[in-house]
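Student: Please read through the structure below; I'll follow up with questions.
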Amino acid sequence: MHVSKLYKLLIFMALSTFASCGSTRKAVDKTPWEMKEDEAVLDSAGVGQDEIDKGPDSLDLVYPYDPKEQYEIAFLLPLFLHEYPGISERNKYLAAWSMDFWLGARLAFDTLRTIGFNANVGLIDTRGDTAELGRQLKTLTNADLLMGPLTPDHIRLVAPFVQAHKINMVSPLATFEGLNGLNDRIFLSKPPVHVLSRAAAELITSKYGNDYSVVIYCRSVAYELEEAKGILALLPQDVAAKARIQEIEGSYVERGALSGSLPDSAVVLICSDKEPFVTSVLAELRRTLDPHKVVGRESWLEFQSLDVSAWQKLDMHIIATGYVDYTDTLLQSFVAHYRQKYHAEPSRYAISGFVETLYYCLYLNNYGANFQAKLNQLELSLPFESLHLAQDPSNLVFYNDHVKILKLVNDQLIEIK
């Protein structure tokens, strides 16, 4: 049986028997952030063993096969527990993301245990603080895998540590503007900006390049302007000739400010994650009553002011890595068991925690702690997220180069080809 099909069956069976597996867990009298996952009876690696036995190549020498009876895994997430009950709104938001990610990961370990994966797993509250992060790192020299931290700055801070101790680290949620300061022990689950920009340029070229002008909006900040210029540079010459960058001073667009400045029909990109700016541009585009097309980004799905009717009128396309497809049987099973265990609806972050924990731990299970040499050899069918890892030739960091194009149709996001 094909590896991906077999793993899909194993994961589905594990999810289907989740309730009975849960009853075997030991009682642990600890707070959630101190809990360690229970040990599991180690079966055999099983799937993929034929690939392991093929014999060494040059990558195997750099990343030797290092199987263990038990792996050490730590989640480095900003929970800000020391700030309660007076936690700030920003930190409360980040803490909610982190806890959702962790709860999804917990279900993944329940699933992994049924196929013989044995790990000692801890959750560490980084407090969003560099000093606390540095203090906690001193306790992790024997780790096999780190999940987190969340921000690019903190990932870069940890980069020398994981390289020195040969520990793999996953950046699950951060989008990187550039890859400087990273190394071959780091895995970026979110595509970096240049991959997202390439996808946007390809979408415009293939669907609208012949019939529409292109307008790229950004604020007068260096990183947004650099991204806008990057997208413009990726457009073919004939499409770029009909494109321009519109740089905006300030954090939002005044009412009527775009009147008369747009072509009758245009593809509009907005190189920003800032909700006030993005929503003000979208509001002005809607007022023009012209048939514009908008190319947006995954972060917009979290906006509090999301206006579905406006998105549909503007024929919104979203460049994303994650897609909540509730017809997927694995996702349906995950949602059902998440509700059963936590009496709540899983967020995108909970789903991401489940998927990414499964993905990277299956590589640990089959190929050991140095799984770089075997990346993309397990063609896993997982819900929500697509992960295909490429390696940057300059600093050797691994990053996800797979994106999805989503479109809002009848109040639902669907994936388009």
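Student: Determine the per residue accessible area of the chain with all protein chains present and a 1.4 angstrom probe, expressed in square angstrom.
Tutor: Per-residue accessible area for the chain comes out at 45 Å².
Student: Carbon and sulfur: what percent of segment 286-417's accessible surface (1.4 Å probe)?
Tutor: The C+S portion of the solvent-accessible surface of segment 286-417 is 49 percent.
Student: OK, next. Checking a compactness column here: for the chain, what do you get for Rg(Cα) / (2.2 N^0.38 Å), N being the number of residues?
Tutor: The value comes to 1.03.
Student: At what distance in angstrom do the alpha carbon centres of segment 351-377 and segment 207-249 lie from each other?
Tutor: 37 Å
Student: What value does segment 65-171 have for Rg/Rh, both radii from Cα atoms and Rh as Kirkwood defines it?
Tutor: 0.99
Student: Sticking with this one: What order, most packed first, do the peptides 255-262, 390-397 have when packing is the mean number of other Cβ atoms within 10 Å of each residue?
Tutor: 390-397, 255-262
Student: From the Cα trace of segment 140-255, what convex hull volume per residue do you get, rounded to a whole Å³?
Tutor: 130 Å³
Student: Also, I was wondering about something else. Among the listed pairs LYS92/LYS313; LYS92/LYS404; LYS190/LYS229; LYS229/LYS407; LYS190/LYS274; LYS242/LYS293, which have their C-alpha atoms separated by more than 23 angstrom in this model?
Tutor: LYS92/LYS313; LYS92/LYS404; LYS229/LYS407
Student: Whose amide H sits under 5 Å from the amide H of VAL294, counting only residues 5 or more places off or on another chain, with H placed in the peptide plane?
Tutor: Amide H to amide H, under 5 Å and 5 or more residues apart or across chains, VAL294 pairs with VAL268, MET316, HIS317.
Student: Nearest 5 percent is fine: what portion of the DSSP beta bridges confined to the chain is antiparallel?
Tutor: For the chain, the DSSP antiparallel bridge percentage is about 25.
Student: Just to make sure I understand: if all protein chains stay in place, what is the order of THR279, THR111 by accessible area at 1.4 Å, largest first?
Tutor: THR279, THR111
Student: What order do TYR326, TYR359 take when sorted by accessible area (1.4 Å probe), most exposed first?
Tutor: Ranked list, largest accessible area first: TYR326, TYR359.
Student: Let's see if you can work this out: charge +1 on each Lys and Arg Cβ, -1 on each Asp and Glu Cβ, no other charges. What is the dipole magnitude of the chain about its Cα centre, in debye to the nearest 20?
Tutor: Result for the chain is approximately 360 debye, rounded to the nearest 20.
Student: Determine the dipole magnitude for segment 143-265: charges of +1 sit on the beta-carbon of Lys and Arg, -1 on that of Asp and Glu, nothing else is charged, the reference point is the Cα centre, and the result goes in debye to the nearest 20.
Tutor: 260 debye
Student: Whole Å is fine, so just give me how far the alpha carbon centre of segment 251-270 lies from that of segment 133-186.
Tutor: Here the two parts' Cα centres lie 40 Å apart.
Student: Same structure again: Quick check: residue separation of GLU89 and VAL62 times 0.36 nm, minus the Cα distance between them. What number comes out in nm?
Tutor: Full-extension gain reported as 5.2 nm.
Student: Here's something else I'd like to know. For the chain, calculate the relative contact order in percent as a whole number, restricting contacts to Cα pairs under 8 Å that are 6 or more residues apart.
Tutor: Worked out over the chain, it gives 21 percent.
Student: Next question. Place the peptides 80-87, 331-338 in order of packing, highest mean first, counting for every residue the other Cβ atoms within 10 Å and averaging per peptide.
Tutor: 331-338, 80-87
Student: Could you give the spread of the C-alpha atoms of segment 165-226 along their three principal axes, from largest to smallest, in whole angstroms?
Tutor: 53, 28, 17
Student: For segment 207-263, what value does the Rg/Rh ratio take when both radii are computed over Cα atoms and Rh is the Kirkwood radius, given to two decimals?
Tutor: 1.00
Student: In deg cm²/dmol, rounded to 500, what helix-only [θ] at 222 nm does the chain give when every DSSP H run of at least 4 residues adds -39500 (n - 2.57) and the total is split over its residues?
Tutor: -12000 deg cm²/dmol
The values are calculated or read from the model by the stated rules, or taken from the named source; none is laboratory data. Model, not experiment: these values are computed from the prediction. Cβ: placed from backbone, ideal geometry, glycine included. Neighbour counts: every protein chain shown. The protein model used for the area step is the full one, side chains on, heavy atoms only, and it has no ligands, DNA or RNA in it. Shrake-Rupley method; radii C 1.70, N 1.55, O 1.52, S 1.80 Å.
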